[in-house]
Amino acid sequence: MPKLKLQINKNFIIFSFSLFILFACAPSYILGSQYNRENAVVKAVRMVSPAVVNISSEYEVKKYTNPFSGYGIDPFFDSFFKDFFEPGFERKQKRTSLGSGVIIDGERGLILTNEHVITKSEKITVVLKNERKFDAQIVGSDSDFDLAVLRINSNKKLSAIEMGNSDNLLIGETVIAIGNPFGFSNTVTTGVISAINRNIRTDNRIFRNFIQIDASINPGNSGGPLLNINGELIGINTAIYANAHGIGFAIPINKAKRIISDLVQYGEVIQAWIGITAENLNEKAANYLNLTEKRGVYITKVNREGPAYKKGIREGDIILSIGNKNISSREDYKAVMKNFTDGDTVKLNIWRNGKAITVMVKAKVFPIKLAEGLAYKLLGTRVENLNRSSAHKGVVIVELNRYSYLARIGARPGDIIRKIDEITVRNMNDFKKAVAKYRQKRSVVILLQRGGQGYYITVKLEHV
């Protein structure tokens, strides 16, 4: 009997010890399992999340209601009623758009986002991950690059993201898209890089050299960061393509860096100017010039005051490439030149008289004194300041080439130009700035005033 009791005690001790070991190891096992799930994506998101913000933009839209629209009156009379009844039947509505952004400078409170997130905004509110709210000011923005820099004033340093390098991206590498569309918490999407240097055409515009990923970017996530697996910023997510299903696009951060620098320093992007006009090269001309392949753009004009002329560039030269970027069209030329700013050296690879030569040209800012003459070439118009007694702001058309596009769509002397694209035109100086800024575009939107009525018209620029 004592022997049996001893055996029971021995078994009890072994069971108790085993149970102790099991419970002692359980928490370690659970913690180990959790630790194993903290992969590189989780760590990157945790590190970057405090720098991702929600951006809320308020803007006003004007809606006109025809008081006679329900009575079967011909729509032709809508403009007639608008001229006479607009003050009483105009309805102003407040709208709000939501997007994301990322803090790029915690000391100065600088935030990078898409231009379309804040365009036309009257009030911008930024919400941090910890739900702190700030009023934001626009430091600078550019619609061509779809980038904007905002500033918020905080009494302490903010968490900022670490810049990465988008020049060494790998097809198939893992990327992380983060946004904060509602101001509550961040949303995270992972995918891989599907393509680089992707060109996208949307709304009569071409966006060049984008990163393409295999994950959709929702509008509320537009402006948020695209990260590599190390949590470094390699792009800005952009929801610009409505037909994109299962794919997304981002602006490469190396492309954005130069834009950020200009926006912070000048409030706008400073376009490089070397003083040439280039046009597409057709196959017949390529054969005549003994080019082995149809590539390059044909220089049709060289401004004698420009840097290119002083370096020996002449009409008839063919630009084959700029740096290591091949040039196949005028659009290629414009896109590559956008990467340069005042003071940069542009390496032009030229074909001349059957030989390839290289010319180094130092870019400069477009001289504002040339804008007035350029305006006649692009728009076919000469303008002057309004007289001081005028209650309106703008410039008045005093001469109009009757064969110009502006004349063909109905403009006439005496009309007042109030705005060109994003630039409000109050005087001749504003007009010249607008011509200088938009000189490379195919078309601009002009607010034209005649009498008491304003009209928005799209005008093709004539690059002759």
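Between the alpha-carbon centres of the stretch 412-457 and the stretch 209-265 there is a gap of 31 Å.
Please say if the stretch 174-266 is rounded, prolate or oblate, where rounded means a/c under 1.5 for a ≥ b ≥ c the square roots of the C-alpha gyration tensor eigenvalues, and otherwise the choice is prolate for a/b larger than b/c and oblate otherwise? Show your work: numbers first, answer last.
Working: a/c = 1.32, a/b = 1.09, b/c = 1.22.
Here the stretch 174-266 falls in the rounded category.
Decide, for the stretch 368-460, between rounded, prolate and oblate: order the square roots of the alpha carbon gyration tensor eigenvalues as a ≥ b ≥ c, take rounded if a/c falls under 1.5, and otherwise choose prolate if a/b is larger than b/c, else oblate.
Details: a/c = 1.40, a/b = 1.15, b/c = 1.21.
Rounded, since a/c falls under 1.5.
As a length-normalised measure over Cα pairs under 8 Å and 6 or more apart, the relative contact order of the stretch 272-365 settles at 31 percent. Hey, quick one: spin label on M47, modelled 7 Å out along Cα-Cβ, who in the stretch 161-200 has an amide N within reach, i.e. under 19 Å? Backbone N within reach: 161-170, 173-179, 186-193. Take the Cα of N280, step 7 Å toward its Cβ, do the same at K393, and the gap between the two points is 4.0 nm. Evaluated with a Cβ-only charge set (Lys, Arg +1; Asp, Glu -1), the stretch 272-365 carries a dipole of roughly 220 debye about its Cα centre, given to the nearest 20. Near the amide H of V395, within less than 5 Å, lie the amide hydrogens of I417, all on another chain or at least 5 residues away, with H placed in the peptide plane.
Give me the dipole magnitude in Debye, nearest 20, for the stretch 368-460 about the Cα centre, with unit charges on the beta carbon: positive for Lys and Arg, negative for Asp and Glu.
Working: 19 positive and 7 negative charges, 40 e Å.
Computed about the Cα centre, the dipole is about 200 debye.
Close amide H partners of I217, meaning residues 5 or more places away or on another chain with modelled amide H under 5 Å apart, are F249. In order along the stretch 282-299, the Karplus-derived 3J(HN,Hα) couplings, from 6.51 cos²θ - 1.76 cosθ + 1.60 at θ = phi - 60°, round to 8, 5, 5, 5, 4, 5, 4, 8, 6, 7, 5, 9, 6, 8, x, 10, 8, 7 Hz, and Gly and Pro are given as x. Under 17 Å of direct C-alpha separation, and excluding same-chain neighbours fewer than eight residues apart, K325 reaches these lysines: K255, K294, K334, K338, K347.
Shape analysis of the stretch 289-358 places it in the oblate category; the axes a ≥ b ≥ c from the Cα gyration tensor give an a/c of at least 1.5, with a/b not above b/c. With R₀ set to 30 Å, the beta-carbon distance separating E268 from K460 gives a calculated FRET efficiency near 0.80.
Magnitude of the Cβ-charge dipole of the stretch 149-292, K/R +1 and D/E -1, about the Cα centre, nearest 20 debye? Could you put the intermediate results ahead of the total?
Details: 11 positive and 10 negative charges, 58 e Å.
The dipole magnitude comes to about 280 debye.
At a Förster radius of 41 Å, what calculated FRET efficiency corresponds to the Cβ-Cβ distance of I196 and K156, to the nearest 0.05?
Values: r = 38 Å, r/R0 = 0.92.
Once the sixth-power term is evaluated, E becomes 0.60.
The ranking of E162, E122 by Cβ neighbour count inside 10 Å, starting from the fewest, reads E122, E162.
Extension gain, K257 to R95: 0.36 nm times the residue separation minus the Cα-Cα distance gives 55.2 nm. Which Cα, out of T381, G394, V444, lies furthest along the positive dipole direction of the stretch 379-464 (beta carbon charges, K/R +1, D/E -1)? So the residue furthest toward the plus end is V444. Once the Cβ-Cβ distance of K311 and R37 is raised to the sixth power relative to R0 = 51 Å, the FRET efficiency obtained is 0.30.
Every number here is computed from the coordinates shown, using simple stated rules; none is lab data. Since the structure is predicted, the reported quantities are computational estimates derived from the model, not experimental observations. Cβ coordinates were reconstructed from backbone atoms using ideal geometry, including for glycine residues, and neighbour counts include every protein chain displayed.
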